[in-house]
Amino acid sequence: RRALEADRTNADANHFYGVLHHQRGKSEIAIRFIRLALQADPKYVPARINLGNVYKELERYDEAAAEYRKALAINPNAGEALNNLGTLLRLEKRYDEAIDAFQRSISIAPRNADTLQNLGNALRAAERFDEALTAYRKAIEIDPVHTDAHLNLGRALYSFGRVDEATI
């Protein structure tokens, strides 16, 4: 807060203050501060991503996707923006686009278990079962205690009729 008192136009301070408000469940205040950060520095990729995250949480998916795409226009290698965009596309049942976003993110950060797990979810939704299992298993290989990857692997195996494997 003192950083903002010293300089109300400081992009880092506004962004940080916005993220703090978001974490406290004060989304509209978070949006206001993150927008102030972007007024000070329109190419501030982490602020674009976090603004997208706030919009996503508020189910303002078009606005969230727009922020992730703006971040990617600034930095095409922003893996977090690709991962988050992929998640939105999967929610919209645009599975091929989601899979592409996740695969692009993985090409940037191949050892990101969260993105691999998200890829598995999109592949499973697209009924690309063997590829989904591979993605989940790779996520678990990278992070053996990744609860969501274990859970989704079990769910996938069960839904594919491989109950014996799902219970191991």
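Just to be sure, is R48 within 13 Å of A81 (Cα to Cα), in a helix (DSSP H, G or I) and either hydroxyl-bearing (S, T, Y) or in contact with a helix residue (DSSP H, G or I) (Cβ under 6 Å, 6 or more places away or on another chain) (or both)? First the steps, then the outcome.
Numbers: within 13 Å of A81 (Cα to Cα): yes; in a helix (DSSP H, G or I): yes; either hydroxyl-bearing (S, T, Y) or in contact with a helix residue (DSSP H, G or I) (Cβ under 6 Å, 6 or more places away or on another chain) (or both): yes.
Against the criterion (within 13 Å of A81 (Cα to Cα), in a helix (DSSP H, G or I) and either hydroxyl-bearing (S, T, Y) or in contact with a helix residue (DSSP H, G or I) (Cβ under 6 Å, 6 or more places away or on another chain) (or both)), R48 qualifies.
When the residues of region 141-152 are filtered to those that are surrounded by fewer than 19 Cβ atoms within 10 Å (Cβ to Cβ) and aliphatic (A, V, I, L, M), which remaining residue is nearest to F102 (Cα to Cα)?
If we filter region 141-152 for residues that are surrounded by fewer than 19 Cβ atoms within 10 Å (Cβ to Cβ), which is where we start, we get 141-145, 147-148, 150-151.
Filter again for aliphatic (A, V, I, L, M), leaving 142, 145, 151.
Numbers: I142: 16, V145: 21, L151: 19 Å.
Once the filter is applied, the top-ranked residue is I142.
Consider A66 carefully, then state whether it is closer than 26 Å to T115 by Cα, under 18 Å from the mean Cα position of the chain (by Cα), modelled with pLDDT of 95 or more and buried (at least 18 other Cβ atoms within 10 Å of the Cβ).
Answer is no for this residue.
Of all the helices (runs of 4 or more DSSP H) wholly in region 75-168, which have at least 1 residues that are among the aromatic types (F, W, Y)?
Those helices (runs of 4 or more DSSP H) span 95-108, 129-142, 147-159.
Right, L72: closer than 29 Å to R111 by Cα, part of a helix (DSSP H, G or I), at pLDDT 95 or above and of a type in the set (A, V, I, L, M) or not?
It is true that L72 is closer than 29 Å to R111 by Cα, part of a helix (DSSP H, G or I), at pLDDT 95 or above and of a type in the set (A, V, I, L, M).
What pairs can you find where one residue is in region 98-110 and without any contact (Cβ under 8 Å) to a residue 60 or more places away in the chain, the other is assigned to a loop (DSSP other than H, G, I, E, B) and open to solvent by 10 Å² or more (accessible area, probe 1.4 Å), and their Cβ atoms are less than 6 Å apart, with a gap of 6+ or different chains?
Filtered contacts from region 98-110: I108/N77.
Given the condition among the aromatic types (F, W, Y), at negative phi and open to solvent by less than 20 Å² (accessible area, probe 1.4 Å), answer yes or no: does some residue in region 124-131 qualify?
Within region 124-131, none of the residues are among the aromatic types (F, W, Y), at negative phi and open to solvent by less than 20 Å² (accessible area, probe 1.4 Å).
If we scan region 36-56, do we find a residue that is open to solvent by 10 Å² or more (accessible area, probe 1.4 Å), more than 18 Å from D12 (Cα to Cα) and within 11 Å of the chain's Cα centre (by Cα)?
Yes - at least one qualifying residue is present in region 36-56.
For region 11-27, enumerate the residues that are open to solvent by 80 Å² or more (accessible area, probe 1.4 Å) and either among the polar types (S, T, N, Q) or modelled with pLDDT under 95 (or both).
Answer for region 11-27, where residues must be open to solvent by 80 Å² or more (accessible area, probe 1.4 Å) and either among the polar types (S, T, N, Q) or modelled with pLDDT under 95 (or both): D12, F16, Q23.
The values are calculated or read from the model by the stated rules, or taken from the named source; none is laboratory data. The shown structure was predicted, so the numbers you read here are calculated from the model rather than taken from an experiment. Every residue, glycine as well, gets a Cβ built from its backbone with ideal geometry; the counts of neighbours run over all protein chains shown. The area values use the complete protein model at the heavy-atom level, side chains included, leaving out ligands, DNA and RNA. Shrake-Rupley method; radii C 1.70, N 1.55, O 1.52, S 1.80 Å.
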